Amino acid sequence: MKNKESVLQVIKETVRKHGVLSAGLFAAVCGAVIFALLPPLILAQLIDRLTKNHTLWTGGILLYFGLLALTGFLESARESLLTVFGQRITHALRSSLMEKFGRLSANELNRQEPGALVSRFVGDVDTVENLFTSGIISMFADACKILSILVAIWVTNRGLTIVLIVLLPVLFLFTRYVQKNMLASQIANRRAVSRASGHVPETLHNIRTIHCLQKETYMEQQYARYIDDSYSAMEKTNFYDAVYSPVILILNAIVVAVVMLLSASENPTVLKLFGMSAGTAVAVINYISQIFTPVESLGMEIQTIQSAFAGMERINEFYSLKEKKGPAALTANTDYGMAAELKNVTFGYDESQVILNDVSLQIKKGERVTLSGRTGAGKSTIFKLLLGLYEPQKGKVLIWGVPSVDLTDAKKRKVFGYVEQSFHMVPGSVKDQITLYDSKISNADVKRAAELTGLAKTIEALPYQYDTICTQDLFSQGQWQLLSIARAAAAEPEILLLDEITANLDAETEKMVLNALQRVSKNRTVISISHRTMAETGRVIPIS
Amino acid sequence: MKDETFRPNRVLSYFQEEWKILFFVTVSGLIYNLGLLAGPWFEGKMTGKLVDLLGGTGTFHQMLMLVTAYVVSIGIVQVSRYFKRFYVRRFANNVNRHMKQILYGTLVRKSRLELEAEGTGNVLTKAILDVDDCVEGMRKFTTEIFDTGVALLAYACMLLWYDWKLALLCMIFPPVSYVIAEKMKVIVQKTGAAYKVQSGALSAATLDRAANAITYRVFGCEEDRKAAYEKNLSAYENAAVRANIWNTAMPPIYRIISMASILFILYFGGRNVLHEGWTPWTIAVFTTFLSCYTKLATKSSSAAKLFNAVHKAQVSWKRIKPLLQNSEAEPELPAAAPAKLSVDHLHFAYPNGKEIIHDLSFEAAPGQIIGVTGPVACGKSTLGKTFLCESPYEGSITFGGKELGKMEKTDRNCIIGYLGHDPELFHGSVEDNIRLGGKQGAEEIIRIVCFEEETKAMEDGIHTLVGTSGVRLSGGQAQRLALARTLYHKRPVLVLDDPFSALDKKTEAQIFANVKELARDSIVILISHRLYLFDQMDQVIWMDEGHTKVGTHEELLAEVPSYAELCRDQTKGGSNDEK
């Protein structure tokens, strides 16, 4: 087990694991930068030959195109490798996040909001991927590009280099200014847009009130107002979007004009800095137009990196959540006479609040007991302790003589069948509901479990029987509860835990459920919870 | 501003309506795209002038003139580019808003039943989302007509003018790259679709793992699930690489193919300069031709975008077209005058359902308050909804002698005020939620529903936003706000379904007294399962499994044992209920 996980750690490991890929990527990035510099230099030579009325040398022409093509191929290779590399990293990150999720303590597990978790696993990890595919690496490439162009210009036209060194920071600041404002208005726009689109479902939901109070026209005006809000936010984005490129291109033209003018100067000192041949002039114009694009990209990359950092921070927060204790993997001895035992157990979900205070109880093998008591007395808490979700603060919780937290997953599957208060549907077929995707449970086992609960007929009447894909309205509430019992019974567990399973059922369904339980409980230790005296079976253990 | 000839289901109508903006776009678009030629032309001229200068035939002054003209023309071109971009987007915004409003107008006037049946509500909601795609396509079409169509044509003409043979030779390659891109599109779409499927599967798997975490842990399935998730991740990775690699790796390749023409330009162009080729060239023409071609090659790669945009827009347009119809705006009518309400042998059942109301008759005069109660699921809420005539009833309900079910919807809405279980609040302030555009102030009503103190304590008083569907309010607050809204829009018949269920007894009694005072000339039908106010009712309707009994509180106490029992239970256990 790695002791300190973080996004950086995972990235480092991925780079190490895929050494060839990483090296190839590095080579492609550098190669693309270097080879992009050469074509204008060759072009300059070619043009200078032409001005001197020399025939163009075929080798030169081919070399020029060859270099253009090579640059293109290198860029293509860089992008491909980057895609693969980015995906490797997201895969590794998600794997490690899932690993962590499996180790979370039950408390943290309960605290995770499913929607938020999905956005952590999917959205935030994607921003980290962007950090590579359109952040750091392209930023490096762009910075190299700017530098190398500056060097190339230094060789051909020193004066221009100085002009550019002065100009580029200003340009960069302008770029950032525009991008920041654009981002702000985009966010404002998104908010306004979501308000406007939220208005539609709200209308559908409140349609009765709208009609009753004759507010159709009012609602229409309201909608128009929301759209207008998003419209004016968008207008701002449009302004910045429309103004940026023209400004850059005008600037581009001015720089070209200045260089041209100065190279035409009659002053020898100016000429020393700016003087150039026609070929060089073409190359310089080419370089100038090349240097403005990376500046713009640089600004976008900074933005990507910023949002990626926010995502990374959230992922690292997740990594720092509390973990459960790993099971000591002790083997339970089912010959031990006591199926479940609480020895002087004191427990509360946090330090300050004690729910169980020095509770002891014993449940023998094959016995049927009902834990009874008022709401909040700690009946469900005892279940959670028995299931090994929590560790007691004081005392011992034993299953077959072994602390419940020390049972491994494989053991748990054989020991516990847990019927929850409400059914948790998993995505998949009816069979999957019963097996929880456990391939060790055979089709015959599934069928037997269904028959035991009296659901077999209902299931066999479905279009694809056990392979019918489950939807929320496939079964009635009582039938779901029966399915829940089938799920608990399928792995042939030794202990059945029933958590207030008839609470939400009508009398007739309740009878069906209780009959099913009767059949399933044979030869098993059964522990149930009930608020109502009529549902009590076997020995009653009062919890107060 | 509505013009008579506007037909919402014709695309052309939208273009026509925005003709002023489009005219502006056309002018600036033409200037910009034709002006693009100025760049290469001037660059060539300047290089030529530099050669002259170095050869001693040009002057600094000539260069200055050239350079100034260059900057000015680029300036003009770029400023028109700004206008073009800005106004194309404004055009798109206007059309977007217009279409959405038309769709929304249709949606808000559909009846509840229509919206629920066949998912019409969903269809309209989706259509509103489709508008974005459709308008985006219209915008791109408008943009690309200039940026691709006009610009390509201009560049091509310029090349042809300088040397038509060489130009034709060069123009072989861009179409080649375009054809390859078009062929690749099939793969791109296929892998893209596969990627979408995998990314959906991954989200679903993550959600399942998160939502059923405890179940998996308790059943000892966590290791299994982790392995399954790993499989999801691998499938996702493969699909993502396959889908993205085509998008990222191919554009440089297309560029290389288009740039192959450079070979011809350098070779034949070079001969031209040396006066050995088809057309005698200067070095200036040579550089112009070269940079002009480079620009054409870049532009031609976006020709595909034009077709994609149009295609996408067509698909969404087809979906929304049948839904775009003008709807008539109707004015808000004032509440009807007070009159007598009489219900005579009323029967009600939902289509294909069992009878919920069986033979109910009663009469009510303005100022009366009628309580309706019964055990859980006895149909008291259905009785309330019957007055809305959403589904047909049997028997008769008349107001002022007129049959409710036979009235126009607008007339009925002037008579019946209804407040259901769901407060149906709107995003907006407390005040907005009550007035919904009404002119009168809301303060008085807020006092009546005992909501004054709490609103004062809110951060912006009555202007505090309540959030979507009122999420920021507690249940009791939402209930009182909804009641205030109903009372603000007072009608001669007010049907209130359990308006006090989330309130404590004292507040309930206070509000009840206020409502009684306010609704002196209205008939109030109060549906409730709490009975301690029922001794103040003028009549009580008891409902049980469709059967009804009407009488005064005392009569029912004497005649209906279950009613008496319910009353007794509540007054005895009442003290526990107090908050």
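Give the residue from B:489, B:391, A:253 lying farthest towards the positive end of the charge dipole for the protein assembly as shown; charges sit on Cβ (+1 for Lys and Arg, -1 for Asp and Glu) and the dipole is referred to the Cα centre.
Looking along the dipole axis, the top candidate is A:253.
Determine the shape class of the stretch B:324-399: with a ≥ b ≥ c the square roots of the Cα gyration tensor eigenvalues, call it rounded for a/c under 1.5, and otherwise prolate if a/b is greater than b/c, oblate otherwise. Don't jump to the answer; show the numbers that get you there.
On the way: a/c = 2.17, a/b = 1.26, b/c = 1.72.
Oblate.
Which entries of A:324/A:414; A:100/A:384; A:100/A:522; B:45/B:140 show an alpha-carbon separation above 27 angstrom in the structure shown?
Pairs exceeding the cut-off: A:100/A:522; B:45/B:140.
Considering the options B:232, B:558, B:251, tell which one lies farthest towards the positive end of the dipole of the protein assembly as shown, charges being +1 on Lys and Arg and -1 on Asp and Glu at the Cβ, about the Cα centre.
Farthest towards the positive pole: B:251.
Quick check on chain B: helices-only [θ] at 222 nm, where DSSP H runs of length 4 and up contribute -39,500 (n - 2.57) each and the sum goes over total residues. Nearest 500, please.
-19500 deg cm²/dmol
Quick check on the stretch B:428-484: take the gyration tensor over C-alpha atoms, sort the square-rooted eigenvalues as a ≥ b ≥ c, and tell me if it's rounded (a/c under 1.5), prolate or oblate. Walk me through the intermediate numbers first.
Details: a/c = 1.33, a/b = 1.16, b/c = 1.14.
Verdict is rounded for the stretch B:428-484.
Please give every one of the aspartates and glutamates within straight-line cross-link reach of residue A:411, meaning a C-alpha to C-alpha distance under 17 Å, and leave out same-chain neighbours fewer than 8 residues apart.
Correct list for residue A:411: A:335, A:438, A:492, A:494, B:222, B:223, B:224.
With charges only on Cβ, +1 for K and R and -1 for D and E, what is the dipole size of the protein assembly as shown about its Cα centre, in debye, rounded to 20?
Here the protein assembly as shown has a charge dipole of around 3840 debye.
Could you work out the per residue convex hull volume over the alpha carbons of the stretch A:338-542, in cubic angstrom?
120
Per the Kirkwood formula on distinct C-alpha pairs, the Rh of the stretch B:15-85 is how many angstrom?
13.7
Which of the chymotrypsin sites (Phe, Trp or Tyr not before Pro) found in the stretch A:22-60 are in a DSSP loop and have at most 13 neighbouring Cβ atoms, other than their own, within 10 Å?
Working: sites: A:26, A:35, A:57; in loops: A:57.
Passing sites in the stretch A:22-60 are A:57.
Measuring from the lowest to the highest alpha carbon on each principal axis, how far does the stretch A:174-309 reach, largest first, in angstroms?
87, 34, 20
Consider just the alpha-carbon atoms of the stretch B:236-338 and return their Rg together with their Dmax, both in angstrom.
28.1, 102
Tell me which of A:481, A:417, A:342 sits at the most positive position along the dipole axis of the stretch A:338-542, charges placed on C-beta atoms (Lys, Arg +1; Asp, Glu -1).
Farthest towards the positive pole: A:342.
Dipole magnitude of the stretch A:338-542 about its Cα centre, charges +1 at Lys/Arg Cβ and -1 at Asp/Glu Cβ only, in debye to the nearest 20?
700
Can you list which of the trypsin sites (Lys or Arg not before Pro) found in the stretch B:442-534 are DSSP loop residues with at most 12 other C-beta atoms within 10 Å?
B:520
Let me know the whole percent of all Cα-Cα pairs from the stretch B:86-164 that are separated by more than 19 Å.
Details: 1724 of 3081 pairs.
Looking at the stretch B:86-164, the distances longer than 19 Å represent 56 percent of pairs.
Mind sorting B:481, B:333 by how few other Cβ atoms lie within 10 Å of their own Cβ, fewest first?
If I rank by nearby Cβ atoms, fewest first, I get B:333, B:481.
What is the list of residues in the stretch B:161-195 whose amide nitrogen lies under 17 Å from a point 7 angstrom out from the Cα of residue B:204, following Cα to Cβ?
B:193-195
Looking at chain A, identify the longest residue range that excludes and avoids all GluC sites (Glu not before Pro) in DSSP loops having at most 11 other Cβ atoms within 10 Å.
Longest run free of exposed loop sites: A:1-265.
Whats the longest run of chain B with zero GluC sites (Glu not before Pro) that are DSSP loop and have at most 10 other Cβ atoms within 10 Å?
The longest uninterrupted stretch comes out as B:5-327.
Using a Förster distance of 56 angstrom, determine the FRET efficiency expected from the C-beta separation of residue A:464 and residue B:502, and round it to 0.05.
For R0 = 56 Å, the calculated efficiency reads 0.80.
To make sure I understand the rule: partners must be lysines, Cα under 24 Å from the Cα of residue B:196, and not fewer than 8 residues away in the same chain. Which ones qualify?
Excluding near neighbours in sequence, the set is B:126, B:183, B:185, B:226, B:231, B:305, B:312, B:318.
Determine which aspartates and glutamates satisfy two conditions relative to residue B:439: a Cα distance under 20 Å, and not lying fewer than 8 residues away in the same chain.
Filter leaves A:216, A:220, B:330, B:332, B:431, B:452.
What is the calculated FRET efficiency for residue A:245 to residue A:107, with r their C-beta to C-beta distance and R₀ = 56 Å, to the nearest 0.05? Walk me through the intermediate numbers first.
On the way: r = 54 Å, r/R0 = 0.96.
Working from the Cβ atoms, E equals 0.55.
Cα-based Rg of the protein assembly as shown per 2.2 N^0.38 Å, rounded to two decimals? Can you show the working numbers first?
Working: Rg = 38.6 Å, N = 1123, 2.2 N^0.38 = 31.7 Å.
Relative to the 2.2 N^0.38 Å estimate, the protein assembly as shown comes out at 1.22.
Treating the beta-carbon of each Lys and Arg as +1 and of each Asp and Glu as -1, no other charges, what is the dipole magnitude of chain A about its Cα centre, to the nearest 20 debye?
Details: 55 positive and 50 negative charges, 239 e Å.
Rounded to the nearest 20 debye, it is 1140 debye.
Quick one: grab Rg to one decimal and Dmax as a whole number for the stretch A:94-160, Cα atoms only, in Å.
Over the stretch A:94-160's Cα set, Rg and Dmax evaluate to 22.1, 68 Å.
What is the ratio of the Cα radius of gyration of the stretch A:112-239 to 2.2 N^0.38 Å, where N is its residue count, to two decimals?
1.74
Give B:354/B:506; A:180/B:456; A:180/A:215; A:12/A:322; B:505/B:549; A:379/A:511 a once-over and call out the pairs whose C-alpha atoms are over 29 Å from each other. Before the final figure, lay out each step's value.
On the way: B:354/B:506 39 Å; A:180/B:456 38 Å; A:180/A:215 40 Å; A:12/A:322 24 Å; B:505/B:549 26 Å; A:379/A:511 23 Å.
Beyond 29 Å between Cα atoms: B:354/B:506; A:180/B:456; A:180/A:215.
Tell me, what does the Kirkwood hydrodynamic radius of the stretch B:473-577 come to in angstroms if you use every pair of distinct C-alpha atoms? Show your work: numbers first, answer last.
On the way: mean 1/r = 0.0674 Å⁻¹.
The answer is 14.8 Å.
With no solvent and one equal point scatterer placed on each C-alpha of chain B, evaluate the Debye formula and give log10 I(q)/I(0) for q = 0.08, 0.09 Å⁻¹, two decimals.
-0.83, -0.93
Which value in deg cm²/dmol, rounded to the nearest 500, describes the helix-derived mean residue ellipticity at 222 nm for chain A, given -39,500 (n - 2.57) per DSSP H run of n ≥ 4 and division by the residue count?
The per-residue figure over chain A is -21500 deg cm²/dmol.
Return the loop-located trypsin sites (Lys or Arg not before Pro) in the stretch A:372-430 (DSSP other than H, G, I, E, B) with at most 11 other Cβ atoms within 10 Å of their own Cβ; answer none if there are none.
Sparse-neighbourhood loop trypsin sites (Lys or Arg not before Pro): A:374.
Relative contact order of chain B: what whole-number percent is it, with Cα pairs under 8 angstrom and at least 6 residues apart? Spell out each step's value before the answer.
Details: 766 pairs, mean separation 84.3, N = 579.
Across chain B, relative contact order equals 15 percent.
Per 20 Å bin, what is the whole-percent P(r) computed from every C-alpha pair distance within chain A?
Per 20 Å bin, starting at zero, the Cα-Cα P(r) for chain A comes out as 15, 32, 27, 17, 8, 1 percent.
Pop the C-beta distance of residue A:518 and residue B:410 into the FRET formula with R0 = 60 Å and round what comes out to the nearest 0.05.
Efficiency at R0 = 60 Å is approximately 0.45.
Read the figures in this text as sums done on the coordinates, not as results from a lab. Just so we're clear, the structure is a prediction, and the values are computed from it rather than from any experiment. Cβ coordinates were reconstructed from backbone atoms using ideal geometry, including for glycine residues, and neighbour counts include every protein chain displayed.
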